[in-house]
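Report on the following structure.
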Amino acid sequence: MSASRVHSHQQHLWTSLAVILRVFCSGGREKSERRSTWVFFVRLEQYWNEAKTIDKLPDKVVLQIFSYLSHREICRLARTCRKWRMIAYDSRLWKCVSLRPEMSGLHVSSLEALLALISIRFGPSLRYIELPIELITHTVLYELGSKCPNLTHMLLDFSTAMQLHDFNELQGFPTKLRYMCICLSEVIFMEGFMRKIYSFINGLEVLHLIGTYEKISEEEEEIYEVINIHKMKSATPNLRIVNLYGINFVDDSHVEAFSSNCIQLECLAVNYCAKVTGSSLRILFQRCRKMRCLLAQQTGLLSEHVQAVEWEKTQLQELDITGTDLTSDCLTDLLTRVPALRWLSAGQQDGFNDSVLRAFADKGNARSLMALDLDRCESLSEDGLYKFLLRFGPQLRGLVLSGIPHVTDQLWTGTLPSLRQVKILVMGMSEGCCPKISQKVLVDQLVDCIAQNCSQLERLELRWDPETLRYSDKSQKAIDTLRVRCLRLKCLVLSDGKYYETVKANFERADRTTVVRTTTNCRVSNCYLLSCYQDLLFN
């Protein structure tokens with residue numbers, strides 16, 4: 001390889017390392033991880049001062065450097081020289097692999113190439129793998145089961161499938177899976193495949209079944225039950241977390257099926273499963289005594305079914321009923337009977353008014369509350385919210401009060417001194433979600449108040465559109481204060497406009513290029529504060 005090409009790849013490597021260092025040391029990771037990363041880069045600088053050229057760095061140092069890069073960048077650097085090629089193919093760099101081109105940029109051209117990778121490059125080091133439909137064959141799954149004994153996490157993407165491979169000859173499958181995610185197709189029935197793997201997945205603890213909610217058209221189409229959940233529950237008795245996301249055929253009978261065999265269940269998520277009405281919730285909590293998290297966003301919950309549950313006997317701590325249209329009486333009954341709710345998302349509820357909030361504060365157990373989402377609850381008054389936040393604000397770690405027209409910067413300025421422990425804040429109104437408000441928002445004073453009172457802040461979103469925000473030529477001072485005082489800030493989301501460009505330029509000058517984002521590409525919520533957040537992640 002020519003010297004100019006080697007130099008080009010080395011320059012690319014050092015540029016990537018500089019970006020990584022800025023992300024890690026600007027609050028993008030946990031404190032202990034940032035410290036260890038900083039120590040590594042200090043040692044790397046010492047090696048560099050002694051070696052003078054990257055070619056003389058020890059292999060273990062180069063391997064550590066490569067571990068901070070994406071697989072796509074590692075493959076690019078493997079073309080530099082033989083030494084880097086050998087290091088790039090080290091199985092320790094390939095513990096978590098995504099072979100879905102739209103996600104990772106990696107594409108395997110043939111099954112033969114993938115089988116060679118499994119035996120040569122992945123091997124016992126592989127812990128996590130994502131496979132697209134064209135690579136899900138009985139040969140590949142058998143090789144993963146025999147050559148990758150430590151594989152514990154697997155994602156199988158059938159979402160674009162029009163026809164399945166033949167699995168009649170499937171004789172092996174990974175047996176140590178703890179986490180499995182299956183992206184379902186609209187028209188392909190999975191029973192032939194699932195019947196072959198039931199005997200291998202009885203150790204599963206986390207199951208994700210991802211439906212086609214986002215692909216549903218407005219025209220009514222025939223709904224197919226493409227996977228037999230009633231049979232699956234018998235093969236997975238050790239499930240702790242079940243996520244049924246956007247599956248159009250899932251109803252209360254499927255919820256009851258999981259409750260009958262999965263007594264270890266701790267978290268059930270049925271977000272965007274419109275046929276779930278809550279008729280099986282009573283028996284679910286009676287059977288699964290460890291249930292502490294129920295996520296039922298945009299479902300068809302009925303008030304009479306919710307009120308029939310013996311909430312006072314449950315261990316429920318985390319609840320999402322966003323967009324479920326429950327009555328005020330039902331909400332009051334629910335919030336005053338749950339023993340110790342620590343995470344509540346009740347957005348888009350017309351019935352959530354001041355009387356419900358007052359009952360929750362006085363008769364319920366709000367002393368444990370640490371995360372609250374009341375997005376678009378327009379029935380709440382400014383005075384009711386003010387009193388609640390003054391009383392319970394000091395214990396909150398996450399607060400979402402967006403989409404409420406009368407909640408402006410004046411309310412926030414008065415309550416922010418009580419929110420000193422908050423890590424997540426969402427405020428303002430998205431364009432089009434509510435009528436335009438005539439009152440402008442003095443964003444400079446608001447940002448300065450946030451910086452002075454919320455030093456623990458990690459994620460902040462201001463949803464006001466650019467026309468509503470009012471700022472001066474001296475806004476840089478308020479932005480500087482926010483950047484300097486809120487050192488843990490990982491994400492700042494703003495509507496695209498002139499103020500967004502101003503804030504982004506300020507953070508970029510301080511080498512914090514990944515913090516400021518637009519509402520078009522990013523949304524902030526309290527989901528980061530869920531106790532099982534890491535297990536609920538799916539791609």
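Legend: residues ARG420, ARG92, sorted from most to least accessible area (1.4 Å probe; ligands, DNA and RNA excluded), read ARG92, ARG420.
Each residue of the stretch 262-273 is assigned a 3J(HN,Hα), and the resulting list reads 10, 6, 8, 4, 10, 9, 10, 10, 10, 4, 6, 9 Hz, derived from the Karplus form 6.51 cos²θ - 1.76 cosθ + 1.60 (θ = phi - 60°), x at Gly and Pro. Largest accessible area first, the listed residues SER109, SER234, SER402 line up as SER109, SER234, SER402 when surface is computed with a 1.4 Å probe on the assembled protein chains. The modelled label-to-label distance for the pair ARG358/THR513, using points 7 Å beyond Cα in the direction of Cβ, is 5.4 nm. Accessible surface comparison of LEU265, LEU390, probe 1.4 Å, protein chains only, largest first: the order is LEU390, LEU265. Model label sites at LEU164 and TYR213, defined 7 Å from Cα along the beta-carbon direction, differ in position by 2.4 nm.
Projected label points at SER91 and LYS231, each 7 Å from Cα along the beta carbon direction, are separated by 3.5 nanometres.
Can you figure out the FRET efficiency of LYS477 with TYR533, using R₀ = 41 Å and their beta-carbon distance, to the nearest 0.05? That gives a FRET efficiency of 0.70. Counting only residues at least eight positions apart within a chain, or on another chain, the lysines with an alpha carbon under 25 Å from that of LYS498 are LYS436, LYS440, LYS474, LYS477, LYS490. Working note: 222 nm ellipticity from helices only, DSSP H runs with n ≥ 4, each -39,500 (n - 2.57), summed and divided by the residues of the chain, gives -10500 deg cm²/dmol to the nearest 500.
The values are calculated or read from the model by the stated rules, or taken from the named source; none is laboratory data. Values in this document were obtained by computation on a predicted structure and should not be read as measured data. Don't worry about glycine lacking a Cβ; one is built from the backbone with ideal geometry, like all the others, and counts go over all protein chains shown. Just the protein is used for accessible areas: all its heavy atoms, side chains included, with ligands, DNA and RNA removed. Shrake-Rupley method; radii C 1.70, N 1.55, O 1.52, S 1.80 Å.
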